[in-house]
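Asks: Please see the structure below; I have some questions.
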Amino acid sequence: MLEELKERGFYQQSTHPEEMAERLEKDRACCYIGFDPTADSMHVGHLIPLMGLAHMQRGGHRIIALMGGGTAMIGDPSGKTEIRKMLTEEQLQSNIEGMLPQFERFLDFSEDAVLVNNAEWLRDLNYIDFLRDIGRHFSVNRMLSFETYKVRLDSGLSFLEFNYQLLQAYDFLELNRRYDCILQMGGDDQWANIISGTDLIRRVERKDAFGWTYPLLTTSSGKKMGKTEKGAVWLDPKRTSPYEYYQYWINTEDDDVERFLSLFTFLPMKEVRELGKLRGADIRKAKQRLAFETTAIVHGSENAHQAQQAAESLFSGSKSAAGADNSNVPSTIIDPERISVGLGIFDIFLETGLCKSKGEARRLQAQGGVYVNDQRIDDPEFCLEESDLQNREILLRAGKKRYHRLILENQDQYG
């Protein structure tokens, strides 16, 4: 199991590697990863921990997805340059409910997987008892030696955040007591928090406990994973449609394709390596497989097929609004009256999210990247009119690959 995770790229460092390997090879083990519910959806940045847990469950181990309903009220300073926005208990609970359907795409909660909220034990902690029983095992000097705190000391580290490491370590202890959980996994920026938990369990319970971190992933060009012109790539279809999600993966850089197939799909490694050998024009086949598999995991096979068909129809050479099956392309319903009086091209590119501002739309047009029904628009005064309707729709394009449909609200008015 551990060797497969390493082969797929899920390994950065671990505690007590030989002991851990022996323990996990001998028995079914319980492991966990924590997730802070700071939004009502997860995004592409969460995929490595989600896939890591899924592989562990498929390997026969027991899984805990720990929701930080308690710790998120403080905020983890790891990797942050400033204090996080405070969320209410109601907001956090709503976010957890929003994230649950996404967890269910990766984990089988009917067998050997549970979702737990650390607010269960953190909300009612007695502070004096906590300091006496738990705080005495932590050295302030050692905590300040970790890079997480070193970075934040320059910009200001609140006492509230300073407690986060103690609380995360206590989470591991509590899960060890309740579920016999022996392994915490997470991103490498969590290393300090993870080893604090393993040390706490060994000190308090006199038991073995282990930590395992994943690499913090960037693209081969150094960009942060999960970012596009429109912002984060969310797992919630209401935030990022299956088509947009598919497009994110089809646009993977060539040098990242094999690595992403290893990390973000369940394809056998033999097939991954074969796809990774493709070069030149053939590499698009590997990208299509990556895009389909990742979209199917998050949104289901049917949505993945629809996204694939929409992409193929738009990029096959038959790209007119009249000629392509655009039903799965992101769309906006538009009032016919707005079309009849003329709708400014920069206004609609801003409204549909193809551009973040009118200034960006003007720059895009100056670069030759504004299209209506696949006709390039160079006139800054251009307005969409009834004559632009094709099959009662208008197809907008920003640059080479980003499409958006305008659909009339009351289509019966136009023939």
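Asks: Residues of segment 228-261 with backbone nitrogen within less than 18 Å of a virtual label 7 Å along the Cα-to-Cβ line of R58, please, listed as ranges.
Replies: Backbone N within reach: 258-261.
Asks: What aspartates and glutamates sit close enough to K285 to cross-link, taking a C-alpha to C-alpha distance under 20 Å and skipping anything fewer than 8 places away on the same chain?
Replies: Those aspartates and glutamates meeting the cut-off are E244, E253, D254, D255, D256, E258, E271, E274, E293, E302, E312.
Asks: Turning to a different aspect of this structure: If N is the number of residues in the chain, what value comes out of its Cα radius of gyration divided by 2.2 N^0.38 Å?
Replies: For the chain, the normalised Cα radius of gyration is 1.14.
Asks: Another one. Provide the FRET efficiency to the nearest 0.05 for the N163-A21 pair, computing r from the beta carbons and using R0 = 22 Å.
Replies: Details: r = 33 Å, r/R0 = 1.51.
According to the calculation, E is roughly 0.10.
Asks: Related question: Would you mind counting up the charge near D347? Only other residues with Cβ under 15 Å from its Cβ, with Lys and Arg at +1 and Asp and Glu at -1. Show your work: numbers first, answer last.
Replies: Numbers: positive: R338, K356, K358, R362; negative: D335, E337, E351, E360, D379, E381, E385, D388.
That works out to -4.
Asks: Something else: Determine the gain in length on full extension of the stretch K238-R28; use 0.36 nm per residue of separation and subtract their C-alpha separation, reporting nm with one decimal.
Replies: Working: separation 210, 0.36 × 210 = 75.60 nm, distance 3.74 nm.
Between K238 and R28, full extension yields an extra 71.9 nm.
Asks: Count the DSSP beta bridges whose two residues both fall in the chain, then state the antiparallel fraction as a percent rounded to the nearest 5.
Replies: 50 percent
Asks: I'd like the FRET efficiency for R206 and F146, computed as 1/(1 + (r/R0)^6) with the beta carbon distance as r and R0 of 35 Å, rounded to 0.05.
Replies: 0.90
Asks: Over 27 Å between Cα atoms, which of K356/K400; K270/K401; K6/K400 qualify?
Replies: Numbers: K356/K400 17 Å; K270/K401 31 Å; K6/K400 37 Å.
Table pairs above 27 Å Cα-Cα are K270/K401; K6/K400.
Asks: Computed over the Cα atoms of segment 227-315, what is the ratio Rg over Rh, Rh following Kirkwood?
Replies: Taking Rg over the Kirkwood Rh, I get 0.95.
Asks: Right, next: Can you give me the pair-distance distribution of segment 331-413, C-alpha pairs, 5 Å bins, whole percents?
Replies: All Cα pairs, binned at 5 Å, distribute as 3, 16, 31, 27, 16, 6, 2, 0 percent.
Asks: If N is the number of residues in segment 2-214, what value comes out of its Cα radius of gyration divided by 2.2 N^0.38 Å?
Replies: 0.97
Asks: Would you look at the GNM of the chain, springs on alpha carbons closer than 10 Å, and say which of T71, T218, T294 moves the most?
Replies: T218
Asks: With a Förster radius of 35 Å, plug the Cβ-Cβ distance of R338 and N251 into 1/(1 + (r/R0)^6) and report the FRET value to the nearest 0.05.
Replies: 0.65
Asks: What residue among G59, G68, G222 has the largest mean-square fluctuation in a Gaussian network model of the chain, using Cα springs under 10 Å?
Replies: For the chain, modelled as a Gaussian network with Cα springs under 10 Å, the answer is G222.
Asks: Separate question: Quick one: go through segment 38-67 and flag any residue whose amide nitrogen is under 16 Å from the point 7 Å out along the Cα-to-Cβ line of K223.
Replies: 44-45
Asks: Please compute the modelled spin-label separation between L100 and D124, points set 7 Å along Cα→Cβ, answer in nm with one decimal.
Replies: 2.1 nm
Asks: I've got another one for you. Given the rule -39500 (n - 2.57) for each run of at least 4 DSSP H residues, summed and divided by the residues of the chain, what is its mean residue ellipticity at 222 nm, to the nearest 500 deg cm²/dmol?
Replies: It lands at -13000 deg cm²/dmol.
Asks: Just checking the chain: which Cys have no other cysteine's beta-carbon under 4.7 Å?
Replies: Isolated Cys, the chain: C31, C355, C383.
Bear in mind that the values in this text are calculations on the coordinates, not laboratory data. The structure displayed is predicted, hence computed values, not measured ones. No Cβ is skipped: glycine too gets one built from the backbone with ideal geometry, and neighbour counts run over all protein chains shown.
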